[in-house]
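Q: Supplied in structure tokens, the structure appears directly below.
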Amino acid sequence: MSEPTPVAAPRRSSGAGPAPTHLTGDILHRARQLLALYPEPRSALVPLCHLAQEQDGWLTPEAMVDIAGLVGVTPGEVLGTATFYDMLHTEPVGRYVVSVCTNIACLLDGAVELLEHAEDSLGIGVGGTTADGTITLEEAECLADCDRAPCVQVNHRYVVARTSEAFDQLVADLRAGARDGEIPPHGTLVRVRRTAGIEADPAAVAEERRLSAEARAARDAASGPEGGA
Amino acid sequence: MAVTEAPRIVTSRLGFEDAHTLGRYLATGGYEGLRKALAMTPEAVAAEVDAASLLGRGGAGFPAGRKWAMLRRSPVTYLVVNGDESEPATFKDHLLVERDPHQLVEGVLIAAYALQVTRAFIFLRGEFALGLERVQAALNEAYAHGAVGRDIFGSGFSVDVVVHPGAGAYICGEETALLESLEGKRGFPRIKPPYFPAAIGLYGAPTVVNNVETMSNLPWIVVHGGAAFAALGEGRSTGTRLFALAGHVNRPGVYELEMVKTTFADLIHAPVLGAGIRHGRQLKAFIPGGVSAPWFGPDQVDLPLGQDEVAQAGSMLGSGSIVVMDDRTCVVRAAWRITRFFSRESCGQCTPCREGSGWLERIMERIETGRGREDDLDLLLDACDNISPGVAWPPQQTTICVLGPSIPSSISSAISMFRDEFLVHIKEGGCPHG
Amino acid sequence: MAEPTPAADAAGAAEEETVTFTLDGREVAARKGELLIAAAERVGTFIPRFCYHPRMASVGVCRMCLVEVSGPRGASLQPSCFLEVQPGMTVVTESDKVKKAQDGVLEFLLINHPLDCPVCDKGGECPLQDQTLAYGPGETRFVEEKRHFEKPLPISELVLLDRERCIQCSRCTRFAADVAGEAQIDFVGRGELLQIGTFPELPFTSYFSGNTVQICPVGALTAAPYRFTARPWDLDQVESTCTTCALGCRVAVQSSANRLTRLLGIDVDPVNHGWLCDKGRFVAEAVNRDDRLTEPLVRKGGELVPVSWHEALETAADGLVRVRDAAGAAAVAVVGGARLTNEGAYVWSRVAKGVLGTDSVDAQVGDGLPAEVVLGLPRATIDEAASAPTVVLLAGDVREELPVLFLRLRAAAVSGGSRLVELSPQATSLTPYAACSLRYGPGDAAALVRAVTTGAPAPAAAQDPAALAEARRLVGEGPVVVVLGRPSLAEDGELVADAAQELARALPDARFLPALRRGNVLGALDLGLAPGILPGRVALDEGRAFFEAAWGAVPATRGRGTAEILAAAAGDQAEGPGVDALVLLGADPLTDFPDRRLAGRALEATGFLVVVASAPGGALDHADVVLPAAEAHERAGTTTNIEGRITRLGQKLVPPGQAWPDWMIAAELAVHLGCDLGYDAVAGVWDEIERVSALHRGITPAVLDALGDDGVVAPLSSRPVGLSHRRAPLDPIAVPGVESVERQGAPPRAGLAGPPGAGTTGVRAEADAGWPTLPAPLVAPVEIEVPHVAPPDSYSVRLVAARTLYDRGAAVGAVDAVRSLVAEAPLRVNPHDLDDLGIGAGGAVRLRSATAQVVVTAVPDPSLPRRVVATEFNVPFAGGAVADLIDRTFPVVDLRMETP
Ligand SMILES: Cc1cc2nc3c(=O)[nH]c(=O)nc-3n(C[C@H](O)[C@H](O)[C@H](O)COP(=O)(O)O)c2cc1C
Ligand code: SF4
Ligand code: FES
């Protein structure tokens, strides 16, 4: 055979995931703390995706590879899981994601008209991002703020912008950075850190894992291998 | 009848701007319930909750005491709190997590103690950014206060509580989908059996899943006793309950009302509650318990706000959210929007739900935008029947979870109540409401 | 998730608890815990389904299998694929309500389905198409726009994804995650937009990807090599066994117009559960290649020229006899044969040993293990290995060598049924599933075994006290099955054999599953294609009297194995008398033999070379006579897998040109050597094997027919046969394209009534009268002489050269899609050793032996012990060939590693 062949990474898996290369500094530190909170590392998958969005503004392929290594799944599983969730963006979004709810209560209160106004005034369609990269517009399902319909969130913070004028003002404020204190850039979800109970006694977690595994094994043995689910 | 003088059980602190702080919480009786519970045996605490006949506030209305009793004995057990609140027009848990997070935390700790769980998780809807911060801050304070973590208040009981953010998917409110999501997977509801996470739940361990509002009732119940709670309301529907009122009323909002003693009409019209339909219009229809529920018309407006009473009338109190539609509402549009919601939020694993919801949505869109056909109504109902055979209440299902049979509710309600309006859409080639 | 385990054998089944329930008005008995869909099917009620697969845990998502079930919760529609039969439950499968629900599901599935059946590969064997015809509504009520996706997306070199056709049954993702253990494909998105996807730039490279194509119930996943090559209704098929490796997966071989179009896995309980590896599935096509040898060739004036079979055989016979007469039978040697049928192997064995009189015959090309050890160790079956409480892995990476065995062992480990104890020079694909892994440097295998079994101190590389303690505990608990293979081609096979014998001595109850790789290598050894062995796994001296009677003659003394044969041919004096005539049976020492330079010298020097081959290859350059042979799927007969299971090979294709089946070539050569062996068909060869081999006694054609796909493990006497036999699940869409709906109605094949072969015993007894007693198979390994390994000096590194699935073997090279998967091998080095050299990952190092050197790319691999370096054998190796560094005169390969 004469054709050139690429050098392959070793096929053999050594078991442990590769060390993170993209998530760094404080984000990586917090990622490790999060992992320690759960009896099974995979539970940290969604919180880690939020953290990655805090670092990058969206969920980048590089971050997904890191997360896969940290929680012990394939990058494909991170992608597959993340794309199930509306808040995890595997494509870049603007600094502000503006979500307008058009579900039933908001619909009854003019949400569709407000969304149309938003599209017209921003010059983008739903899902689009303004050319300056500031605003991504989303049509949301019910945001659980129905007494203030039509309901609007910016980066998942509730704002009141029930009329076209109020909406325009909101956009102007966002562009001017007037609400920066209140609304962090997209990706930062929770600014309050866990300050206690993070040292989550690794021995206790290990014991929990062991007992769970035992209980599960006992149950599987009792219900037989075809128990399913 | 109207509005009774029942105590405010879960909203007592909401008059305070700083209700979410530990200082205010302690000043208003906070953590007394937990202290009292810790002085009791876990079984005694559970017995109070059972005596209270506290029906779950998440939608299914299963008695919390009975659910707790079903928790399988196992070396590891979990408590998971359902704060995913995404059912359209439901916004009561939002209020509780943002405004009184310590009450939730205290409730969680009481339950954790009564159930002697290994660890507790509070799963909050990801879009509740402020709620997530408030609950995390409350937990931090509670840890510092000795109310959570190791050796709580010197009682020897220890438990850690973890706040877990969701990431935007309605189906994660379904308790088994929630557990899958908490395990770091996509929120695919688990197939039944097992019917209850109390047998096989988080990581395969026995797990109790309860709603935020259910938990928030616990401090009061422990302080005042289950009997005092059970004395409120009527029949199985005891205590007070949060009702989220939305739509065409003058005063939409969340109201805490004694169960059964109040009617839908009171809620909609009482001046301190809904204060009537806006602009003096008439009531056309209302949804009594979240968009999964079949609709009611003016004829049912005098029904009491009780779980069994509503069920007997052919719908459900569900998540306690009431959507009021006035006489100018286009019901086709409303039902279309609700169908679209289900189509977008179907997890996608079951064929009838995944494909059926999308198909129904497209037929509804066609009718609303003037491209309907005469036989579309039969087609809609037949496709609904293939998702939920009989399209009756209580529903049957061809799907794994009850999102499937929720899809037909609005369509079949709208068609059976307002068939003529559909026909007008079809005949006139568009929506008469403009 | 645990793979459902096969039903226990007959004895176990009798004890199993049974429950009765009512199915469409009749009482049906079922196994406790049996799924309703399976119980119904067993009694002839077929419930339609898409997502259910009998070899994977049910998920109950397609909702096609809904039936009406009345239980404590009243009557409701329940998925029969998920519900276990409960005592007293009443099930209705054909009510109007059920029919409506099923019609509804089909209609829902079809609304977004493209209905491009005429251009879809699946058209004609598509369960969705079939069920639509059988159950579906007549016309579509769907008038809206369907979902659209960009047309087929390649998700690997081998598999294409057509998202529009996907019905989200999750069979492929469950296979990838739960069966293969590599979730490289997964659902992406949610709800209506839920689709299969891969991560950007990480293709679906699993060795098992073809299975997802096979089990996809629609045409969403298609195989690049098969795509558009045929329509199912044009295909003919026979059932056969894949001989790409020695595991013996059952397959359906399909062809159209005498071209092989595809291989599909057949579900047999004891072996492959319906799965195949991609190499087996896709290299089968190599049989179609254009450059097949179609005529006998003889070298004339330096050129190979086509001649008649008569002339070729005459030339071959003359040459062989000339050498034998001049230099003795020991100067004639036969190498190869591991790819022959059993019948071919037997006739070649008889021709070499009985007619030519040489015992220097070896089916292994220096890359296996000493035959007398492999044959003498008590043998385990695959089922035993996949259910033993403790499995000791003393082998290479089974995923690279016997891929489907990896699936079986992985499933056993994941389900918690087996605990794996891995003793290996480097991490393997099973390492993540092992209860404990201990490493050894080349040369130290036996020392490590002693450390585990006797508490002796562990060799340097295995200083993990916890793992060692765990290994001791698990091995002590037993019972133990040892998977025994060749972890490295740079380490003498006798060293591993020695370790195996240590295990056998320490654990008298242990059984061994040989992990040898080449198609019918164990059949060839069983039939005497090894020095010192006669057919029936018999030692030369033990069998001498019998075979002298049966064959007329046998060699007087034990012959030599491949390494010694090649060394003698190359003129190495130390090897004693020279070899001057060599017959190569489908083997090419230039690519297969670890010491490539020795192979080259041997072929250069050999006076007379006969090559039996089906396609051109390196050895042809040196051949004096070339005899064209039929390949797999072109010949009938039987094959033997690693556990000794004998199955029938189906002939699907006519060999090209004048190529002959291997047994016939040998038989005709015998005629030209003056000895007519008297076979007129392949069946006659089997009759003789059954007569002269105690190992094969009783395995008559009738037995093989009765056992069908499962075949039978030789020898019969040691295991019950027939009665325990169970048909594989009869699920027409478990393996779409194989199991037709007709077959569903077929009664299970009858088990055997009387003792096997009872009907023929009388006849045979007469024929056998007057012969010595049939010699018994080896029951203990013949002690081997273990080469002395000098301790490594402190400047050198020791080389591990392991097998990899996609290598430069001839078949891989012949199939474009598979060839493109052959990747260059870097050198893997413990990161500390790299640091010591001051070389970063991806840097170059120079490796030097006494006589050769290469410069290669080095990558860190923390799983390797210090001063052990590893690479893959027979793949492109940056600066040359790893085989250039291997010198067979040393039992291990010590090299200098330096900055270039
Ligand atoms: C589609 C679906 C969505 C649901 N969403 C929620 C929700 O957002 N919050 C909630 O508490 N329960 C929700 N539920 C109900 C939960 O499954 C579960 O019954 C509840 O959390 C149990 O708590 P409780 O007994 O305290 O009510 C949902 C159920 C379904 C089927
Ligand atoms: S009914 Fe719908 S949401 Fe529920 S499990 Fe099935 S597909 Fe998912
Ligand atoms: S739901 Fe049973 S086969 Fe798919």
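No value in this document is a laboratory result; all are computed from the given coordinates. Everything numeric here is computed off the predicted structure, so don't read it as measured data. Don't worry about glycine lacking a Cβ; one is built from the backbone with ideal geometry, like all the others, and counts go over all protein chains shown.
Q: Where does helix C:465-477 land angle-wise versus the long Cα axis of chain C, in degrees 0 to 90, nearest 10?
A: The helix C:465-477 is inclined about 80 degrees to chain C.
Q: Would you calculate the separation in nanometres between label points at C:E542 and C:E303, each defined as 7 Å from the Cα along the Cα-to-beta-carbon direction?
A: 5.3
Q: Find out how many positive minus negative residues lie around C:P616, taking Lys and Arg as positive, Asp and Glu as negative, among other residues whose Cβ is under 12 Å from that of C:P616.
A: So the surrounding residues net to -2.
Q: Mind checking the dipole of chain B: about its Cα centre, +1 per Lys or Arg Cβ, -1 per Asp or Glu Cβ, Debye to the nearest 20?
A: That gives a dipole near 520 debye.
Q: In sequence order, what are the phi-derived ³J(HN,Hα) couplings for the stretch C:159-170 according to the Karplus relation 6.51 cos²θ - 1.76 cosθ + 1.60 with θ = phi - 60°, rounded to whole Hz, with x for glycine and proline?
A: 10, 10, 10, 10, 5, 5, 8, 5, 10, 6, 7, 6
Q: If you don't mind, another one. Counting only DSSP beta bridges with both residues in the protein assembly as shown, what percent are antiparallel, rounded to the nearest 5?
A: Antiparallel: roughly 55 percent of the beta bridges in the protein assembly as shown.
Q: Given R₀ = 30 Å, what would the calculated FRET efficiency be for B:M70 paired with A:A206, taking r from the Cβ atoms and rounding to 0.05?
A: That gives a FRET efficiency of 0.55.
Q: Follow-up question, since we're still on this one. Given labels modelled 7 Å from the Cα in the Cβ direction, how far is it in nm from C:R848 to B:V3?
A: Modelled inter-label distance: 9.5 nm.
Q: Rounded to the nearest 5, what is the percent of antiparallel bridges among the DSSP beta bridges in chain B?
A: DSSP beta bridges in chain B are roughly 45 percent antiparallel.
Q: Dipole magnitude of the stretch A:96-176 about its Cα centre, charges +1 at Lys/Arg Cβ and -1 at Asp/Glu Cβ only, in debye to the nearest 20?
A: Value, rounded to 20: 240 debye.
Q: Another question about this same structure. Taking Cα atoms, how many degrees apart are the long axis of helix C:96-111 and the longest axis of chain C, rounded to 10 and kept between 0 and 90?
A: For C:96-111 against chain C, the angle is about 60 degrees.
Q: Below 8 Å between Cα atoms, with a sequence gap of 6+, how large is the relative contact order for chain C in percent?
A: Across chain C, relative contact order equals 13 percent.
Q: Let me ask something else about it. Quick query: amide H of B:V163 versus all other amide H atoms, modeled in the peptide plane; which residues come in under 5 Å with a sequence gap of 5 or more or a different chain?
A: B:I122
Q: Enter the angle in degrees (range 0 to 90, nearest 10) between the Cα long axis of helix B:101-115 and the first principal axis of the Cα atoms of chain B, meaning the one along which they spread out most.
A: 70
Q: Please list, in order along the stretch B:281-290, the HN-Hα scalar couplings obtained from phi with the Karplus expression 6.51 cos²θ - 1.76 cosθ + 1.60 (θ = phi - 60°), rounded to whole Hz, x for Gly and Pro.
A: Residue by residue, the stretch B:281-290 yields 7, 9, 6, 9, 6, 9, 9, x, x, x Hz.
Q: Provide the percentage of antiparallel DSSP beta bridges, counting only those with both residues in the stretch A:96-176; round to the nearest 5.
A: 55
Q: Send over the per residue convex hull volume for the stretch C:474-522, Cα only, as a whole number of Å³.
A: 87
Q: Something else now. With respect to the cross-link table entries B:K192/C:K146; C:K122/C:K279; B:K192/C:K99; C:K32/C:K97; C:K122/C:K146; B:K185/C:K99, which display a Cα-Cα separation exceeding 25 Å?
A: Distance filter (> 25 Å) returns B:K192/C:K146; C:K32/C:K97; B:K185/C:K99.
Q: Report, by chain and number, residues whose modeled amide H sits under 5 Å from the one on B:N211, excluding near sequence neighbours (fewer than 5 apart, same chain).
A: Those qualifying (amide H under 5 Å, at least 5 residues apart or on another chain) are B:R57, B:G58, B:N82.
Q: Ignore the peptide's own chain and count Cβ atoms of other chains within 10 Å of each Cβ in A:134-145; give me the average, rounded.
A: 5
Q: Using Cα centres only, tell me the gap between the stretch C:81-126 and the stretch A:27-54 in whole Å.
A: If we compute the Cα centre of each part, the gap is 41 Å.
Q: Taking 0.36 nm per intervening residue step and subtracting the Cα-Cα distance, what contour gain separates B:R373 from B:L423 on full extension?
A: 17.1 nm
Q: Another question, if that's okay. Which of the trypsin sites (Lys or Arg not before Pro) found in the stretch B:217-317 are in a DSSP loop and have at most 16 neighbouring Cβ atoms, other than their own, within 10 Å?
A: The qualifying sites are B:R236, B:R281.
Q: Lys/Arg Cβ at +1, Asp/Glu Cβ at -1, dipole of the stretch A:118-186 taken about the Cα centre: which of A:A178, A:V160, A:T136 is farthest positive-ward?
A: It is A:A178.
Q: Now for a separate question. Might you report the magnitude of the Cβ-based charge dipole of the stretch B:233-326 about its Cα centre, with Lys and Arg at +1 and Asp and Glu at -1, to the nearest 20 debye?
A: Approximately 300 debye in magnitude.
Q: Sticking with this structure for a sec: Taking the alpha carbon gyration tensor of the protein assembly as shown, what are the square roots of 5 times its eigenvalues, largest first, to the nearest whole Å?
A: 68, 35, 30
Q: Which of the aspartates and glutamates could be linked to B:K284 by a straight reach, that is with a Cα gap under 18 Å, when you skip same-chain ones fewer than 8 residues away?
A: Straight-distance partners of B:K284: A:D109, B:D266, B:D299, B:D302, B:D326, B:D327, B:D420, B:E421.
Q: Another question, then. What residues have an amide H closer than 5 Å to that of B:D326, excluding those fewer than 5 places away on the same chain, when H is modeled at 1.01 Å from N in the peptide plane?
A: B:H248, B:K284
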